[in-house]
Each structure stands twice: as structure tokens, then as C-alpha cells.
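Q: Dropping a structure here in C-alpha cells format, bear with me for questions.
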Amino acid sequence: MEKISVLAITKNGINIGQKLKEFFPKWTIFAPSKFSNEDNSITWYSESTSDKIIELFKNNDALICLFSLGAVIRLISPHLIDKKTDPAVIVIDDKMNFVISALSGHIGGANELTKKIAEKLQAQAVITTAADVNKTIAVDLVGKDHGWRMEDDSNVTKISADMVNEEPIGLFQEAGTKNWYKQLPKNVSIFETIEELEKSNSKSNLIISDRIIEKDLASKSVIYRPPSLVIGIGLHWDTSKETIKEGIENCLEKFGLSSKSIAKLVSIKKPQDVQGLIDIGKEMAIPVEYINREDLAKVTAPNPSETVKAFEGTASVSEAAAILVSRGKLIVEKQKFPPNLTIAIARIED
């Protein structure tokens, strides 16, 4: 979280705010100007608290309110949108007994922040989200720390309920780090293949993959997309963004791979970077990495080319670059798009 504000409306609240500032110096403390004691570490406001809390609610990643939970609810409730948009809201009582995760506990990060604050203040953390209370998997947080993206969130609520109610849930993973959980709940079973998962009696599923999942299976699953694919690109100095984009989309569709799992675009380092590659990286919001020809020449690729070697000083660009950067396995061998593009795809192995 980059922007966190604290709102205090009582003298005790101001003291708590000052204490929080000691532990979290980047946070901004707001308090009514009628209590001003010339402390420059506090931002004193003159408008009504009902106006100030809405301003802070709309302009922060997290808002910590140092007054009653009921008052906070009444003030912010007309401005709630959804859990993907609303900031984390945390409430601390006037005597610093309880730190309450009030809003956006999972996606917004209120639960984790509540625990941190409670530890510093030696107070009781109050967290009521079902996954935390039942010590099970928070479906909407799986892989968040590892940069995973959900295919979509349409099944999250249903499958979260299945998880909490201990319904049989299947887990299939073929990409991404394996250490995202310490111990799986007893109602979650691991399956080694998609076929085994489909034949199981699982009521719902968690699927961690960079492959496109068949619709019937996807309809009762939450699908997570780890950044596991490295796309190697061989190209000329004048290969256009449109040509590269079309080639990438062709390969992803042909081999059933998800664009949401692309981690990097990689190619050979040329005297001047190819503008088309720069542009497609920006458009797709994917980093581009360049590899020296000497390093590419050391990689054993399945489809070397003497013609490429004559022009580039290495017998392989797309395959070698994908293998080298991923440090994993080539899952799409070189695909040719004459006259000026080749693409290969490798999977990062954690």
C-alpha cells in the first residue's frame, strides 16, 4: 500500500495517531483543528469530519479510523462501491483495545494491515472473514504475493463458500511456484492431471495454469495465471508491432496458452533496439529483455539455423532466448512467420 491515512477525532485518538506515526512514519495523521497543539506531524483540518472521512476514503489505499465502528459505517456506507475498488478500512477504539478489519479484508489488504498494527500496539486484532476464522484458503488471495492473476473473479464467491463449508475441492497446478501454501485444508485434493481433475467428485476447483481451460471445467473453477511464459522473438530491424502482436496471438491460440501468463518478451541485443518490439512491450505492459548474441550462441536449441547464424552470429534467437531467460522448458518450438519473425515459448520452472 502506497498511501495510508489515519483519522482521529478525539484527544485519545490523536495520542494513538501519534503512536502509530512512530511505528509507521510514512502515514499521514488527520485531526480536527479544534484540538490543534501545533504538532507539525499532524494535519489539522477545519472541515466537518463527515466531509474529511469521505475525502480520505476516496483518495487512500487504506484508511485507519480512531473512533467507533458504528460511526465509521454510517459515514462511509453511502460511498461503498465494491471490494476491488474500496480501500482497506481499519477501526481502532479510543482505548486502543481492539484493531478491527472493517472493509476490504482480503483484496484490499485490511486483514494483514490489522495484524501488523495490533502487533505494534499490543492490541487485539479483530478479523471476521470466514477464510481467516476457519483457517482455510482465501480463494481471492491465492498467488497474490507471487504476481498471479485470476482469469476472472466470477466464481470466487461461490468457491469461497465451498472452501469454508468444507466441500470437496480439487487442485491442479502445472505452473508457478509450488510453495504458495503451507498445508492444504483436508477438503482440498491435489490432482496430477487435468483429466484426473475432470473425473473427480470435486464440487469446485482451483486451477493454476498458463493453459486455456475447457469451458465446462472453467465454469466451476477459479483459474490463476502465474507469470510463467517467456516468449522468445527473432526479428528484423523493421519488424512492426502489428506483425509481432499477430505472431504472438497466433502462437497462444494455436497452443492453447493464456496471454495473462506472459512474463517477458526476449530477443537478441541489436545495435539499435527494434521499435516494433519496444511498442508491443508497452502496449501489452510486458517487460522486454535483450540477450547478447554470445550468450545465445551457448544455448543448445532444437531448431538451429545456419542462415540465422550468418546474420546474427548465433544459430538460434527465439528458442535460445526463451530457454535462457526462463531457465525452464521449451513448450513451443520455433514458429516461423515469414519474412521477418520467429517466435518460441518456454515455461519458467520454479
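Q: Per residue of the chain, what 222 nm ellipticity follows from adding -39500 (n - 2.57) for every DSSP H run with n ≥ 4, rounded to the nearest 500? Kindly include the intermediate steps, with their values, before the conclusion.
A: Working: 13 runs with 110 residues, N = 350.
Taking each H run of at least 4 residues, the total per residue is -8500 deg cm²/dmol.
Q: Based on the mean of other Cβ atoms within 10 Å per residue, sort peptides 255-268, 300-313 so the most packed one is first.
A: Numbers: 255-268: 20.5, 300-313: 14.1.
Order by mean packing, descending: 255-268, 300-313.
Q: If you place +1 on the Cβ of every Lys and Arg and -1 on the Cβ of every Asp and Glu, how big does the dipole about the Cα centre of the range 148-228 come out, in debye to the nearest 20? Working shown, then result.
A: Working: 11 positive and 14 negative charges, 53 e Å.
With Lys and Arg at +1 and Asp and Glu at -1, about 260 debye.
Q: By the gyration tensor of its Cα atoms, with a ≥ b ≥ c the square roots of the eigenvalues, what is the shape of the range 1-142: rounded for a/c under 1.5, prolate for a/b over b/c, or oblate? Let's see the in-between values first.
A: On the way: a/c = 1.94, a/b = 1.48, b/c = 1.31.
Note, shape of the range 1-142 comes out prolate.
Q: Over the range 56-96, give the accessible area per residue in Å² for a 1.4 Å probe, as an integer.
A: On the way: 1960 Å² over 41 residues.
Solvent-accessible surface per residue comes out at 48 Å².
Q: Here's a follow-up. Run the numbers for residue 275 and residue 249: contour at 0.36 nm per residue of separation, minus the present Cα-Cα distance, in nm.
A: Numbers: separation 26, 0.36 × 26 = 9.36 nm, distance 1.89 nm.
The span from residue 275 to residue 249 would gain 7.5 nm if fully extended.
Q: Can I ask one more? Counting every Cα pair in the chain, what percent are over 27 Å apart?
A: 59 percent
Q: Find out how many positive minus negative residues lie around residue 21, taking Lys and Arg as positive, Asp and Glu as negative, among other residues whose Cβ is under 13 Å from that of residue 21. Don't jump to the answer; show the numbers that get you there.
A: Numbers: positive: 19, 26, 120; negative: 22, 39.
After counting each charged neighbour, the total is +1.
Q: Say the dipole of the range 1-129 comes from +1 at the beta carbon of Lys and Arg and -1 at that of Asp and Glu; which of 64, 42, 53 then lies farthest toward its positive end?
A: Farthest towards the positive pole: 64.
Q: I need to check one value: relative contact order of the range 1-42, counting alpha carbon pairs closer than 8 Å and at least 6 residues apart, in percent.
A: Contact order relative to length: 43 percent.
Q: Of the cross-linked pairs 115/186; 11/52; 215/264; 83/215; 26/116, which ones have a Cα-Cα span greater than 19 Å in the structure shown? Provide the component values of the computation, followed by the final result.
A: Numbers: 115/186 26 Å; 11/52 17 Å; 215/264 27 Å; 83/215 26 Å; 26/116 15 Å.
Pairs exceeding 19 Å: 115/186; 215/264; 83/215.
Q: Any idea what the relative contact order of the chain is, in percent, if you count C-alpha pairs under 8 Å spaced at least 6 apart?
A: Values: 684 pairs, mean separation 37.2, N = 350.
Relative contact order here is 11 percent.
Q: What whole number of Å gives the distance from the Cα centroid of the range 198-229 to the Cα centroid of the range 55-104?
A: Result: 35 Å between the Cα centres.
Q: Can you list which of the trypsin sites (Lys or Arg not before Pro) found in the range 14-50 are DSSP loop residues with at most 16 other C-beta atoms within 10 Å? List each step's numbers first, then the result.
A: Values: sites: 19, 21, 26, 34; in loops: 26.
Of the trypsin sites (Lys or Arg not before Pro), the ones in loops of the range 14-50 whose Cβ has at most 16 other Cβ atoms within 10 Å are 26.
Q: Which net charge results when you count Lys and Arg as +1 and Asp and Glu as -1 among the other residues whose beta-carbon is under 12 Å from that of residue 318?
A: Numbers: positive: 334, 336; negative: 312, 319, 333.
Residues near residue 318 contribute -1 overall.
Q: Right, next: Hey, what's the range 105-165 come to in accessible area per residue, 1.4 Å probe, Å²? Mind dumping the intermediate values first?
A: Numbers: 3270 Å² over 61 residues.
Using a 1.4 Å probe on heavy atoms only, each residue of the range 105-165 averages 54 Å².
Q: Cα-Cα over 27 Å: which of 158/178; 158/245; 21/58; 19/84? List each step's numbers first, then the result.
A: Working: 158/178 24 Å; 158/245 36 Å; 21/58 21 Å; 19/84 30 Å.
In this structure, 158/245; 19/84 lie more than 27 Å apart at Cα.
Q: Over the range 193-314, with the other protein chains present, what is the accessible area per residue in square angstrom, probe 1.4 angstrom? Show your work: numbers first, answer last.
A: Values: 6320 Å² over 122 residues.
On a per-residue basis, the range 193-314 sits at 52 Å².
Q: Roll a 1.4 angstrom probe over the protein heavy atoms and tell me the percent of accessible area of the chain that is carbon or sulfur. Numbers along the way, then the final one.
A: Working: 8860 of 18290 Å².
The C+S portion of the solvent-accessible surface of the chain is 48 percent.
Q: Is the range 44-127 best put as rounded, prolate or oblate by its Cα gyration tensor, with a ≥ b ≥ c the root eigenvalues, rounded for a/c under 1.5, and otherwise prolate when a/b is larger than b/c, oblate when not? Show your work: numbers first, answer last.
A: Values: a/c = 1.92, a/b = 1.23, b/c = 1.56.
Oblate, since a/c reaches 1.5 and b/c is not below a/b.
The values are calculated or read from the model by the stated rules, or taken from the named source; none is laboratory data. If you're wondering where the values come from, they're calculated on a predicted model, not measured in any experiment. Every residue, glycine among them, receives a Cβ derived from its backbone with ideal geometry; neighbour counts consider all protein chains shown. Side chains are part of the model used for accessible areas, which takes the heavy atoms of the whole protein and leaves out ligands, DNA and RNA. Shrake-Rupley method; radii C 1.70, N 1.55, O 1.52, S 1.80 Å.
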